[in-house]
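FYI, it's all coordinate maths here, none of it is from the lab. Computed from a predicted model, the values in this text were never measured in an experiment. A quick note on method: Cβ atoms are made from the backbone with ideal geometry, for glycine too, and the neighbour counts reach across all protein chains shown.
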Number of protein chains: 2
Amino acid sequence: MTVKTPITIAYGDGIGPEIMKATLNILNAAHAPIDPEVIEVGEKIYLQGYSSGIPDSAWESLKRTKILLKGPITTPQGGGYKSLNVTLRKTLSLFANVRPCVSLYPYIATKHPQMDLVIIRENEEGTYAGIEHRQTDEVYQCLKLVTRPGCERIVHYAFEYARKFNRKKVTCLTKDNIMKMTDGIFHQVFNEIATQYPDIQTEHFIIDIGTALVAAQPERFDVIVTSNLYGDIISDVAAQVAGSVGLAGSANVGNHMAMFEAIHGSAPDIADKKIANPSGILNAAIQMLIHINQPETATLIENAWLKTIEDGIHTADIYNSEHSKKKANTDEFASAVIDRLGQQPSHFKPVDYKQNVRAKIECYGEKKRVIANKQLVGVDIFIENLHLTAEELGKKLATLNTSLKLIVITSRGLKIWPNSMIDTPYAHHCSCRFQSSTDLNHLPSITHQDILNLLKEFDNAEFDVIKTENLYTFDEKLGFTLAQGQ
Amino acid sequence: MTVKTPITIAYGDGIGPEIMKATLNILNAAHAPIDPEVIEVGEKIYLQGYSSGIPDSAWESLKRTKILLKGPITTPQGGGYKSLNVTLRKTLSLFANVRPCVSLYPYIATKHPQMDLVIIRENEEGTYAGIEHRQTDEVYQCLKLVTRPGCERIVHYAFEYARKFNRKKVTCLTKDNIMKMTDGIFHQVFNEIATQYPDIQTEHFIIDIGTALVAAQPERFDVIVTSNLYGDIISDVAAQVAGSVGLAGSANVGNHMAMFEAIHGSAPDIADKKIANPSGILNAAIQMLIHINQPETATLIENAWLKTIEDGIHTADIYNSEHSKKKANTDEFASAVIDRLGQQPSHFKPVDYKQNVRAKIECYGEKKRVIANKQLVGVDIFIENLHLTAEELGKKLATLNTSLKLIVITSRGLKIWPNSMIDTPYAHHCSCRFQSSTDLNHLPSITHQDILNLLKEFDNAEFDVIKTENLYTFDEKLGFTLAQGQ
C-alpha cells in the first residue's frame with residue numbers, strides 16, 4: 001500500500017469551501033496519496049479574537065505536515081486584523097513566492113497566446129516588512145531592508161527551479177540604477193549565482209522597463225526573479241495579461257514548509273452559489289503534488305484539466321460564445337475533470353512532470369564567506385527642525401563640542417547645506433552627517449561613545465533628535481550613499 | 001510686437017542635437033514667441049569633471065528663464081556620475097512628473113486604440129531619495145520618506161490638472177494595505193483633497209492591481225496620481241502598451257520652474273544618422289508651450305503633427321507597410337509637420353488648448369493645519385547580533401538598567417522574542433523596542449536623556465548598536481507599526 005503524505009487543508013472563506021471541496025474530489029478521484037487534516041483559519045477565527053486569523057491548534061498541524069493547501073481568506077475590515085498570508089509567509093519563512101503564468105489561448109481570451117512564464121518573488125524582505133515610523137507631524141518613514149542571505153536564497157531558488165523545470169532563461173528585475181545598495185546587492189548576487197548555472201541564460205532589466213515588457217511582450221520571458229514589491233506588481237500584471245487571474249495557483253515555499261493557494265480572492269458576492277471556478281485552487285494543488293513528489297498524480301490531473309478547458313466545459317467566469325460548449329457549475333466542472341482523468345489534451349501540449357523536480361535548496365546558509373572588516377566612521381543624526389533655515393542650522397551645529405566633522409545636512413536625501421543651489425529647501429526634517437574626517441578615502445574609526453557624546457551635545461543644544469543611522473566602512477569601502485547634490 | 005518668452009534649451013547627447021534642431025525648426029516656423037538660450041549639459045560636461053553633468057553657468061540660465069527644454073542625456077558608465085535628471089528634479093524642486101499617454105492607432109501599433117491617460121507622478125520622495133546604509137556585513141537599508149506636504153502638493157496638482165484639461169476622473173494608486181503609514185498618508189491626503197473637487201470622479205486601487213489594469217485595460221483610466229516608484233513603473237507600462245515610447249514627451253513641474261523632455265533615451269547607436277524621430281521632444285515642446293501660456297502655438301503644432309502621422313509620413317522607427325506612405329528622415333519629418341501648420345487632422349480629434357490651462361498650484365504650503373501633539377514614548381534600537389539566540393538576547397537585554405520596558409525584539413519586522421513561533425529566526429540584525437510602558441493605550445512621555453541612558457547601557461553591555469528610531473505618539477495615536485506576529 002502507498003504511504004499517504006499528510007497535508008493540512010484550510011477551506012477558507014467565501015467561495016473557499018466549495019472550490020476546495022471540488023478540488024479535493026478531483027484529488028480523491030485521481031487517487032492522490034495524501035492524508036488531509038483540516039484546520040480552520042480566516043474570518044471566523046479573526047472574529048473570535050485571533051488578530052492573525054490563525055488559532056494555536058492550526059500551527060500544530062502545520063508544524064506536523066509542513067504542507068498547507070489554503071482556500072482564499074476574507075480579512076475583516078478595520079481594527080488591527082493582520083494579513084494571514086503575510087503572517088504565514090514570515091512566520092514559516094516561506095521566502096519564495098512561485099507563480100506560473102501561462103496562456104490558455106484561445107479558450108481564455110488573451111492578447112499574448114505564447115505567454116508561458118514563472119515569476120519567483122522574494123517574500124520576506126523590502127518595504128513589505130512593514131517597519132514604519134511617523135517621525136514628525138509631517139514625515140512618515142518605511143524601512144526597506146534587504147539582506148545578502150535573503151537575496152542568495154531567492155536567486156538560488158530561481159536558478160534551481162529553472163534547471164529542474166527545464167526552463168532556459170532567468171531574468172532579474174531591480175532598480176539598481178537608483179537604489180545602488182539595496183537593489184544593487186540583489187543584482188550582484190544574481191550575477192554571482194548565475195555563474196554556477198552556465199546552462200541557463202540570464203538577463204537583467206530595470207524594473208520599470210521590465211514591467212513594461214511583462215505587460216507588452218510577456219512571451220519573451222521564461223523565469224523572472226525579483227524582490228518583494230516588484231514581484232507583487234509584476235505577478236498581477238502577468239496574470240492580468242494572460243487572462244489567468246481566476247485560474248492560476250501559486251506556491252509559497254520555504255526550506256521546511258510550503259503553502260499553496262489560488263491567486264484570486266474569496267469573492268463573497270458569489271459564495272454558496274456553487275458557480276465559482278475551482279481551477280485556481282486546483283492548479284495550486286497540482287503545484288503541491290509536484291512539491292510533495294507526486295508528479296504522476298500532478299500530471300494526470302493537469303492533463304485532465306487542460307482537456308476539460310479544451311472541450312469547452314467552462315464555468316461562468318470564463319464562458320464565451322466562441323469556445324465554450326457547456327456552462328458548468330463548480331461541481332459539474334470538477335466532474336468533467338474527473339471524467340477526463342487519464343486523457344491527454346490535444347490542442348495544449350500535455351504536461352509530464354518528473355520525480356524530484358521540487359526546487360529544494362538544501363545548501364542555503366551553509367556557504368562560508370569572508371566577513372568584511374566593518375569600521376564605525378560616523379553618524380547621520382536626523383532631527384525635526386521647525387524654525388531654523390539650513391544656513392542657521394549649519395551655523396548652530398558648528399558650535400557643538402565634538403571631534404567629529406559636520407559634512408553635510410540633507411533633507412529627503414538632498415543636500416541643503418553647505419552651498420545649496422536651492423532657494424528655500426524643505427528643512428523641517430533634516431539629516432546631519434558627521435564623520436571622523438572630511439576625507440572619504442581616509443575615515444578613521446570612531447567609537448559608540450563618540451556618537452553618544454555628540455547626541456548629548458544635540459540634546460544640550462535642544463535639537464529634537466528623531467533617529468540615528470550609523471556610518472560604516474566595509475573593507476574601507478563606504479557603507480552609505482552620498483547626498484544628492486553633495 | 002509680441003514679447004518673447006525666454007526659455008533654456010539643452011541639445012543633449014546622442015540623437016539629442018538632431019531631434020532638438022528639428023523641433024526648434026518647427027517652433028520657428030510656427031512663430032512660437034520664444035527666445036531660446038542654449039546651455040550645455042550631459043556627457044561632455046560629465047567628462048569635464050562635473051559629477052552632476054551640469055556646469056554652474058547652466059544653473060544661471062535656468063534660474064533666469066525657469067523653463068528648460070532638454071534633449072536626452074548619456075550618463076557615462078561607472079565612477080560616481082549622478083543622474084542629471086534626478087539632480088534637476090530635486091534641486092529645482094520639480095515635484096510633479098506629468099506624462100500624457102495616448103494611442104495613435106492605427107498608425108502606431110497598439111492593442112489599446114482608445115487609450116488616453118495622463119500619469120502624474122510624485123518626483124521627490126519615497127525610496128528614490130537614495131538614502132541607503134549598509135548596516136552589517138549582510139544587511140542593507142534604504143529609507144522611504146513620505147511627507148504630508150509632498151503628498152498634498154502632488155495630489156492637488158493632479159486634481160488641478162484634471163480640471164484644467166477637462167479630464168473627468170483621477171485614480172490614486174498606493175500599497176496602503178501593506179504600508180499603512182507611508183502609503184496610507186498618500187491615500188488619506190487624496191481622499192481629503194478629492195472633497196474639494198466634487199466635479200471630478202475619484203477611485204483608488206492597490207498598486208499591483210492598478211498596474212495590471214494599466215497594462216490590460218488602459219482605456220479605463222483618465223488621470224492617475226501616484227508616488228515616485230509606482231509612477232516610474234506605470235509610466236513605462238503605459239507608454240509601452242500605447243506604443244508611444246518613441247513619441248511621448250513629459251514635463252517635470254515645480255512651483256517655480258519646469259523641465260520638458262522626451263521620454264526616450266539618447267540612442268547613441270543611431271546618432272548623427274539623421275533618421276531619429278523628433279516626435280518625443282516635439283511633444284515635450286508642445287507641453288512647454290501650454291505651460292508658458294502659448295496654447296495657440298501648441299494647438300497649431302500638435303494638429304500639424306497629428307496630420308503628419310495620419311498622412312503616413314513616418315520615420316523609420318514607426319514605419320509600417322500598412323499605414324506608412326513615406327519613410328522620412330528627421331528633417332523630412334520636421335518639414336512635413338511645418339508644411340501642415342494650419343491644417344487639422346481628420347482621423348484624430350483636433351486639439352484646441354485654452355489659455356491658462358497650466359496646472360499651476362499657487363496655494364501650496366500656505367494651508368494652516370493644527371499640529372498634532374507629539375510625545376516621545378520609546379525607541380527602537382537596532383543592533384548587529386552575531387552570536388546570541390533571540391532567547392539569549394531577550395535575557396541579556398532584561399538585565400539592562402533602564403526605566404524603559406523591553407517590549408519586543410524583531411528581525412526584518414518579524415517578532416522573534418518573546419514567544420516566537422519560529423524555530424530558528426534570522427537574528428543577526430535585530431530591532432529592540434523599548435517603551436515607557438507596556439500599555440499601548442497609555443504611553444507616558446520620556447526624554448531624550450532616557451534614550452541616551454539606555455544607549456549608554458547598550459554600549460556598556462557591548463551591544464553593537466547600528467541605528468535608532470524614536471517612537472512617538474501624535475495626539476495619543478501610535479506613530480509606529482507593531483511587529484508582524486506581535
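First check a/c for chain A, with a ≥ b ≥ c the square roots of the eigenvalues of its C-alpha gyration tensor; if it is under 1.5, answer rounded, and if not, answer prolate when a/b is larger than b/c or oblate otherwise. Let's see the in-between values first.
Numbers: a/c = 2.35, a/b = 2.11, b/c = 1.11.
Here chain A falls in the prolate category.
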One checks the Cα atoms of region B:11-104 and finds Rg and Dmax, in Å, of 14.5, 43
Rh (Kirkwood, all Cα-Cα pairs) for region B:406-486, Å, reads 14.0 Å
So the FRET efficiency between A:K164 and B:N460, C-beta based with R0 = 56 Å and rounded to 0.05, is 0.60
Shortest first and in nm, the label-point separations between A:Y319 and its counterparts in the other identical copies (7 Å out along Cα→Cβ) come to 5.1
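Give the relative contact order (percent, whole number) for region A:393-466; include only Cα pairs under 8 Å separated by 6+ residues.
32 percent
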Taking the label point 7 Å from Cα along the Cα-Cβ vector, the copy-to-copy distances for A:D423, listed from shortest in nm with one decimal, are 6.4
Taking only the alpha carbons of region B:74-153, the radius of gyration and the largest Cα-Cα distance, Dmax, both in angstrom, are 18.0, 55
Between the Cα axis of helix A:228-242 and the main Cα principal axis of chain A, the angle (0 to 90°, nearest 10) is 40 degrees
In terms of the alpha carbon gyration tensor, root eigenvalues a ≥ b ≥ c, rounded if a/c is under 1.5 and otherwise prolate when a/b exceeds b/c or oblate, the protein assembly as shown is oblate
One residue of chain A has its C-beta nearest the axis rotating A onto B; that residue and its distance in whole Å are A:A215, 2
Quick shape summary for region B:201-262, equivalent ellipsoid via Cα gyration tensor, semi-axes whole Å in descending order, reads 21, 16, 10
Lys and Arg at +1, Asp and Glu at -1: neighbours of A:D199 with Cβ under 14 Å from its Cβ sum to +3
Taking Cα pairs closer than 8 Å and at least 6 residues apart, the relative contact order of chain B in percent is 15 percent
With Cα coordinates, the longest principal axis of chain A makes an angle with the long axis of helix A:16-29, in degrees rounded to 10, of 50 degrees
The farthest towards the positive end of the charge dipole of chain B, of the residues B:Q486, B:V245, B:I286, given +1 on Cβ of Lys and Arg and -1 on Cβ of Asp and Glu, is B:I286
Here the alpha-carbon Rg of region B:86-132 over 2.2 N^0.38 Å rounds to 1.63
So, over other residues within a Cβ distance under 12 Å of A:H112, counting Lys, Arg +1 and Asp, Glu -1, the net charge is +1
The pairs in A:K467/B:K66; A:K395/B:K175; A:K327/B:K169; A:K374/A:K456 lying past 32 Å Cα-Cα in this model are A:K467/B:K66; A:K395/B:K175; A:K327/B:K169
Inter-copy distances for B:D475, label 7 Å out on the Cα-Cβ vector, sorted ascending, nm, one decimal, are 5.2
Row for region A:308-442, column shape: gyration tensor on C-alpha, a ≥ b ≥ c, rounded if a/c < 1.5 i.e. under 1.5, prolate if a/b over b/c, else oblate; value prolate
From DSSP H assignment alone, runs of 4+ in chain B each adding -39500 (n - 2.57), the sum over residues rounded to the nearest 500 puts [θ] at 222 nm at -9500 deg cm²/dmol
For chain B, longest principal axis from Cα atoms; helix B:148-164 axis from its Cα atoms; angle between them, nearest 10 degrees, is 30 degrees
